[in-house]
Structures are given as structure tokens and as C-alpha cells.
Amino acid sequence: MLKFVVRRVLWTIPIILLVIFMTFWMMRAIKGSPFRKSERAVPPAVLANLNRKFGLNKPWYVQYKRYVVDVAKADLGPSLVLRNQSVNDIVKEHFPVSAELGGLAMLLSMLVGIPLGIISALRVNTITDYTAQFFSNLGFAIPSFFTATLLIYFFAAKWRFFPTNGWDTAGSKVLPVIALSLFPLTYFVRLVRGQMLETLQQDYVRTAKAKGLRWRRIVVVHVLRNSLIPALTAAGPILGGLVTGSFIIENIFAIPGIGRYYVTSVQGRDYSTVMGITVLLSVLIIVANMFVDIMYGILDPRTREARS
Amino acid sequence: MALLEVDDLRTYFKTRAGEVHAVDGVSFAVDRGKTLGIVGESGCGKSVTALSIMGLLPPSGRTVSGSIRFEGRELTGMSQHELEDIRGRQIAMIFQDPMTSLNPTLTIGMQIVETMQRHLDLSRDDARKRAIELLDEVRIPSARQRLDDYPHRYSGGMRQRVMIAIALSCNPKLLIADEPTTALDVTVQAGILDLLDELREQHEMSMIIITHDMGVVAEAADDIAVMYAGQIVEQTSAEELFDHPEHPYTEALLGALPQLEAEGVREGRLTAIPGRPPDLLDPPPACRFAPRCPYASLGDSCTKEPPELREIRRGHLVRTAHPAGERAAREVEVAAR
Amino acid sequence: MAINPEEVEFRQDVVDRETGGDTYAAGAAIRQASLWRDAARRFTHNKAAVVSMVGFVLLLLYVVIVPLATPYDPNNVDFSLAYQAPSVHHPFGTDEFGRDLFVRTALGGRISIGIGFAATIAIMVVGILYGAISGFVGGWLDNALMRFLDALYGLPYLPFAIITLAIFGVVNFWTMVIALTVASWFTTARVMRGQIITLKENDYVRAAYAIGARWYRILFRHLLPNTLGVAIVFVFLELPNVVLGEAFLSFLGLGINPPNASWGSLAQDGYTQYLSHPILIVIPSIAIAWLILTAFFIADGLRDALDPRTQEHY
């Protein structure tokens, strides 16, 4: 068991290295980027700073190694645009906001989505199920910028329950969290419902019934356990979806998070920040996937025993 | 009074194309301590009969009419809640595929113990002790150590034994075994059948064995009912069935059909029966076996009207217009002319 | 970015159904003939799928025909006509520049759907090639290629696309197609590889080897045609993802430049005026939702239709 965990953790390292490598090369490929030898369209002071930090005149493998070492030390370099701020500062300022937004959205989507999925499956092909299906279909088809706009239009602009933007008061957090949670929510509903329906068809559920066990016990002990564990595997795509969604939501609600900052960095040609945030998000996703894999391995006795 | 009495059971399934008559008028009785074998090919309704008794039909199926009486109590009207008290305790069932019939994420021990905790008033420790005894009874080696293993550590044959152990755990009066050996290797099959027989005797249980394999019921069953297309076509004691089969379908199942060259009778052996059973969506108003029957010809009554189940000898029921006895008699007649 | 949670298992399910329970003993050709006929029949029985197919085709007709038939110049600025409510002349009204929204939405559709199809096909081709090579060759190559994929999964969707666009320096139809393809092809690759591997184990493939068929014959005659059905389903699964991705990028201002507007850019434009003239964001959003919904139900219907096993068991 321990071997499995250790091996999975160790595998993450070359993957992260590869990701940094790819990001590194992509940054060098962008025209106008100071990472390109030919065009260093940056003021000399900043260039000197960058040179010191990234060793821009050294061969690429030295640059790469330096960058990796820096990332390992959690040092993402200086910003190209904000003279006296490093990427780390930027990240420290903006990342917690996104993390809070994403975390709350994830929580809300699970608290509402999972029970809805369970109820839909248990009452399959009834009005309850059809209604839940209908709304969840709408939820994944309607683009999030539209639902966010709808929310603002009614709840903020027209009825003035909440502010239209910002991230300072508790009230200002309500709409963006709801807007961001809608997509993962529908995802959970569909996923849990599907898993449960499949589990309910399994032979061992029939056996459990034949043993005369009470239905409630069958659902909780036999069905739910086996359905929710695979639902874990959704964590990967959901995290990806949250990252993508946050770009939009932060943009619409003017939330000072990392998604919004990423876009302004790209538009403002702050390449070191772009690279830094990309690497940060990538590492986050990879580590999250690793956790999911490990959790799945621990919870499912078949994989657990197969690997030990 | 027999332990289980099934009377004119009809179970239909709602499908997009219409209503399928999966079980269309089945009657039989199982006495205490006796074994009934229900034999037939896939789709003849034997499994559905068992599921009807247990009340385990899928949502699309329902028992439209008929009665199922267990120890005098009528099962067909019962709520799921009431049936849950009977299942596992009075009537137990084991299924065809042991590989998928056990929950892979729970230990074997848990799955045996939960049944006993449901129906009997046992503490967890007592239940575990009893579980180990049961595993010993079904001849699982090193039962105490293996109690907390997960199903994937057991082979197919062993899992089926576990299923049997679970089924017996609360001492049911009736055990229904639906194709208990079909999914197992031939070498393992005999062991399971022997075990079932032994346990049945020890626990003084009645048993219903459902199978498509005549060989299985030959040893195990006291009485046999042959099913075809949702109906019983022949029903008698095992001895009588093997010595004097009457229905052409039974004969085919037994693989014994003498070559007859008399007029009006098709020639040849019928070891593999060509053709398929009729569509049960709209059963034909005639003998359901007629299209495949070597003795039926166009003008016969059985092609216009379905034959009734009649007692051709004492304790021997058959549903055909061409029972073997009468065929033989006609033979003699023809030869005598 | 997968927008449908069932997608991963859905894809695997399609793969399983295509390959599992395969009892056809003869070669690929016979299998396909009856498969398509049965599939067509099953599809037409699926109400949701048929309705969606109709809706999808209607959408396609709309984006193709309306710009050809319209009397209005979609780029003509005429402030006197600005912000008109929907009417017979302008079914969707006009925008802040007096441009007819009906035709602009249709044109936007051409771009969005065009990018969608182009990228989806590119994803299929790259994914199938990568997956087929990896699965077919197996061994260390398969391992290496899959590890590389693992790394790609780590790069977040939007940033990946954004950086790719930045590398090109300009955002037009084709760079957008390439950027979206680059950011999305790996899920398909992984599934295709899984499919090829499963198919490889199939008995009729072994039989082909046994009679001495060469590897390219096996690959092209047996393995790839059987992925065709799966591929068609994936087209309709991937299309919504791509269209949504493009819409998001455009909404963030990183999309195709004006005056060519995709649905995403139209939405972004509409968003700036959502309080005063909400219709400007409503219309393109509904268009996007329409596409995603119809494509999804079609994919669902296709998946069920291509399942060679019967559904009713009793």
C-alpha cells in the first residue's frame, strides 16, 4: 500500500518537470517575449533584473535548470510590468482570492449536487428525476457568462440583494460563488446519478435484496459507497472546469483573483507572470490529480490489493 | 399442505414494443424436504418465475395474476417491506454468476454477518462465529482467516459456496438456486451440486433448482417441471420423466428421439432443435412448440388451439397434442394394418 | 476541458460497447453493413435524438442561409437604427451600431461552428493517430507517449490555449482552431488508444494475424474502421467543448478580432450593455446553448444506436 502511494507521488515529479519544460518552451516561442533571444522588447533595467533572475544569456538548458530550481524554491521571478513586484507577490495577493472562490464553489456544488444526484437516481424516471435532469442539462449547456449575467441582472441590479462586483463583503461573495458552482453542480448531479443507476443494476444489489436487507441499508451500505467512490474521479475535470470558470467569473464580477490577473498579464505582456501563474496552476492540477488517484487507490479494495 | 404452492402464475413485462408474457400460467408445488427442478432453455421464463416468488422483479415486470402461497401465506399482494422479512429468512435464493453477485467493496464476512444481523438476534461476535461455521460447512478452507477477505480473493467456485453459506445462514425453509453451476467450470459443478444436496438434507430444506441442463436435475431433483415459452409443458417425478418422457420437447432435451419412418412423421434425429421459441409479445393461439415440433403437421388441432396441461398418467402432466405414449400407440396401430 | 461528466465513462462506454460482446465472426466489412442499418433504425426511435438532430440541422441551415438571404449589411454602421426591438424586419433587433442582430448571429454562428468543426476534426485526427500508434505499437513507445499525455493533462485548458495564441501572435480563424486543438486533443488520444488496445485483443484480429495478414492491413482494414462509429459519437461530444472554449476566449477579449465576431464576441459585446439591452447577450448565449444541447443529445442517441447488443433483458 505504502509502495503504491510513494510510487504515485514520485511519478508526479517527472510530470511536473515536463510541464515546466513545455511552459518554458512555449514562453520562448512567443513573439516579443524577453525569453526569445532575438527580441528583448523590455526596458534595460527590467532586462538586467531578468537576466540576473533567469540567466537569459545562458544556454537554454541552464535557464531551464535555473527555473526549475527556482520553482522548487517557490520563487517565480520578477514581474515584467510591475517594477517592484515579483510574481510571488502577485500570486500571494491574488491566489487566495481565487482559492476561496473556487473552494466555496466546489463545496456548494457538492452539497447540492451530490444529494440531487442521489435523489434523482432513487426516483428515476419520475417527475423529480425529469426536473433535475432538465435543470442539469440547462446548467451545462448555458454558458457561465450568461448565467452570471442573469444572476447579476436580477439579484444585484434589479433587486439589489447583492453588490454587482467585488470581493470584500460576505454579500459580494454570494453571486460569484453561485455562478461558479453551477457548472460543477450539474456535473455532480449527472455523475452521481449515472453512477448510482449503474450500481443499482449490479448483481450484488439483487443479492442484497434477496437477503431481505432493508432498502435503506442497501442504498447506504451497498449502493452509495460504490457510487460515490467513482464520483471522486471527477475531481480532476472539475478542478480544470473551476479554473476555466474562474477566469470568466472573476472577469465578470471584477474579482481580484488569479484568473483575472492572468488575462491582464497576457494582454499586458507580462510574460514572467504568465509563465509563473501557468506553472502554478499546472502544479496544482497535477498534485490534485495525484491526490485523487491515491484516494481512489486507498478506497477501492481491488486496486489497493492489486498494487500492494 | 405443500411448503410452496404456485397457482396459475402470470408475470408480464412492459416493453416499448408491448407486453411480454414471460410467465404465462405456471402452477406447481414444492413439498417439505423435496427438490423441484425447473428445466428449460434461456428465455423460457424459469428465472422470472423464481424472481416472481421472491418479489424481485425489475420495475418493468409485474405479476398480473395467479397466486404464490408460502406456508399458506399469500405472497403476491405483499409489500416490499413484508417481503423483506421473508427473503433471506424463510426463502433464500442464489444466483447464476458468483463473480458479480457479491459486493466487491465489502468483505465476505461482512456480507454473511449482515444477513444474520438482519434476521436473527445475534451479536456481532456470535454472528462472526456462526459465519466461520458456515464457511466450514460449505468447505471453504481456512475459514477463520478468510472471513475478512474481499471477494476478489476467492475463485468462482468458492464464491458460489459463499453465496450458499449466506443463503443458509438464517436456516431458510426453501432455497431457490437459479442456474447455480452454469457459470462454473465443469469440474467444479459436481462439487457444488453435491454440497447443495448434502446441506439440503442436513438443514431439512426444500429446494428449487433452475437450470437448462438436464444432467443437473437428473441427480438433484425429486420432481421436474419442464418449461417452454413461459409455460410448463411437462411435469412429473424425475424418475418418471427420464424413463417415460412424453412431450416432444422433453425428448429433444434428453436427446433421445427414435428414427421413425412412418407416414406423416418427419424423419431424423432432433439433437439440436432448429428454430427459436416464439415471441412472447404476442403468443400465438396455438401450441407454442408446434413450429419446431417434429410431430406437428399443418392440419393438426395443436396448430389452431393451444393444448391444455393434462394428466396423462397419475402424477404426470403434459401439454401437447402428441405425447409419446399416444404416438407409440398409433405406431402400433399403423404397423398392425 | 470536458463539460460532460459522463464523458469519460461515456467514451469508455462507447468503446466497451463497440468492442465487447462482439460475436461477429466474419471480417470488418460485414460487420459494418448491418451495424449501420440497425444503428439508423435505433437512432430514429430515440425521440430526444431525433428532435435534437432536427434542431441541429435547423441551426446549421440558419447560419448558412441567413447571411446569404439577408438584405442587411452586417457591418453597416447606422446609429439611427440602433437598439431596435425585435420586429418582423429585425427578428432579433439591432445592436448599438444599428446592425441587424439576426444576421450577425448567423455570421457569428458560421465562425463559432466553423471553428468548432475544424477543431473537432483536427482533434479526432490527431487523437486517433496518436492513440492508434501508441496502442498498436505498445511497449515502451506506448508508455512514453502516455507519460507525455499525463504531463499534458496538467496544463490548464484556457492558459494552454491562450499561450498558444500568443505564440502565433495573431488571432484568426485558423490560429484559434489550432490553439483549441492543441489544448484538447489528449482526452481523445487516450480513449482511442484504449479502444485500439481492446480491439487488438479481439478474436477476429487474432484470426487475421493467424492467416498471415500484415500489420498495416490489420490496422487499416480491421481496427480503424471499427473506431469509426466511436469517432462519430466523439465528434458530437467534442464539438460543444470546443465551441464553449472559443466562446470563453472571445468573451475574455482574446478571441477573433472585429468586425468578424463569433458568438463569444457577440456575447462579450452584449455583456457590456446587459443592463440596458440584455437581448444582446441573450441571443448569442441561447445560440451556444442550443448547439451544446442538440449536439449532446445527438451524441447520446448515436451511442445508443451503435450499441450492437439489445437492451431489453428479462
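Nothing in this text is a laboratory measurement; each read-out follows from the coordinates by a stated rule. Model, not experiment: these values are computed from the prediction. Every residue, glycine as well, gets a Cβ built from its backbone with ideal geometry; the counts of neighbours run over all protein chains shown.
Tell me, Kirkwood radius of the range C:75-136 from alpha-carbon pair distances, in Å?
14.1
So which aspartates and glutamates pass the test for A:LYS3, namely a Cα distance under 15 Å, with those fewer than 8 places away in the same chain ruled out?
A:ASP293, A:GLU305
With 10 angstrom as the radius, rank C:TYR130, B:TYR228 by how many other C-beta atoms surround their C-beta, starting from the fewest.
Going from least to most buried by this count: C:TYR130, B:TYR228.
When a/c reaches 1.5 or more, the comparison of a/b and b/c decides; with that in mind, is the protein assembly as shown rounded, prolate or oblate per its Cα gyration tensor?
Prolate.
With a 10 Å Cβ neighbour count serving as the proxy for reagent exposure, in which order, fewest first, do B:ASP222, C:ASP78 appear?
C:ASP78, B:ASP222
In sequence order, what are the phi-derived ³J(HN,Hα) couplings for the range A:89-96 according to the Karplus relation 6.51 cos²θ - 1.76 cosθ + 1.60 with θ = phi - 60°, rounded to whole Hz, with x for glycine and proline?
My calculation for the range A:89-96 gives 4, 4, 4, 4, 7, 9, 5, x Hz in order.
From the gyration tensor of the Cα coordinates in the range B:4-228, what semi-axes in whole Å does the equivalent ellipsoid have, largest first, with each one equal to sqrt(5λ)?
Gyration-tensor ellipsoid for the range B:4-228: 29, 20, 17 Å.
In the range A:134-163, what chymotrypsin sites (Phe, Trp or Tyr not before Pro) fall in a loop by DSSP, with at most 13 other Cβ atoms inside 10 Å?
Qualifying residues, ordered by number: A:TRP159, A:PHE161.
As a test, work out the antiparallel percent of DSSP beta bridges whose residues both lie in the protein assembly as shown, rounded to the nearest 5.
Among the beta bridges of the protein assembly as shown, antiparallel pairing accounts for roughly 65 percent.
Give the average, rounded to an integer, of partner chain Cβ atoms located within 10 angstrom of each Cβ in B:92-98.
Counting other chains' Cβ atoms within 10 Å and averaging over B:92-98 gives 3.
Can you return the lysines within cross-link range of A:LYS65? Criterion is Cα-Cα under 22 Å, with same-chain partners fewer than 8 residues away left out.
A:LYS37, A:LYS53, A:LYS73
Could you tell me the number of lysine pairs in chain B with C-alpha atoms less than 21 Å from each other, where the two lysines are 8 or more residues apart or belong to different chains?
4
Averaged over B:244-251, how many beta carbons belonging to a partner chain fall within 10 Å of each residue's beta carbon?
The per-residue average across the peptide is 0.
Just tell me how shielded C:79-85 is by partners: mean number of partner chain Cβ atoms within 10 Å of each residue's Cβ, no decimals.
Per residue, the average neighbour count from other chains is 0.
If a/c stays under 1.5 just call it rounded; otherwise compare a/b with b/c (prolate if a/b is bigger, oblate if not). Do that for chain A, with a ≥ b ≥ c from the square roots of the Cα gyration tensor eigenvalues.
Oblate, since a/c reaches 1.5 and b/c is not below a/b.
Under a 5 Å amide H to amide H cut-off, with H placed in plane at 1.01 Å, what residues pair with C:ARG99 once short-range neighbours are removed?
Residues meeting the amide H criterion: C:ASP78.
Show the residues, 5+ positions off or on another chain, whose built amide H is closer than 5 Å to the amide H of B:LYS34.
HN-HN under 5 Å from B:LYS34: B:MET207.
Taking +1 at the Cβ of each Lys and Arg and -1 at the Cβ of each Asp and Glu, which of A:GLY171, B:THR303, C:HIS90 sits farthest along the dipole of the protein assembly as shown towards its positive end, judged by Cα position relative to the Cα centre?
Selected residue: A:GLY171.
Using a basic spin-label model with each label point 7 Å from the Cα along Cα→Cβ, how many nm lie between C:ASN75 and C:ARG41?
A separation of 5.3 nm, rounded to one decimal place.
Could you please rank B:VAL217, C:VAL125, placing first whichever residue has the fewest other Cβ atoms within 10 Å of its Cβ?
Neighbour counts put them in this order, fewest first: C:VAL125, B:VAL217.
Students often forget the sequence filter, so: which aspartates and glutamates lie under 14 Å Cα-Cα from A:LYS209 once same-chain residues fewer than 8 apart are removed?
B:GLU82, B:GLU84, B:ASP85, B:GLU114
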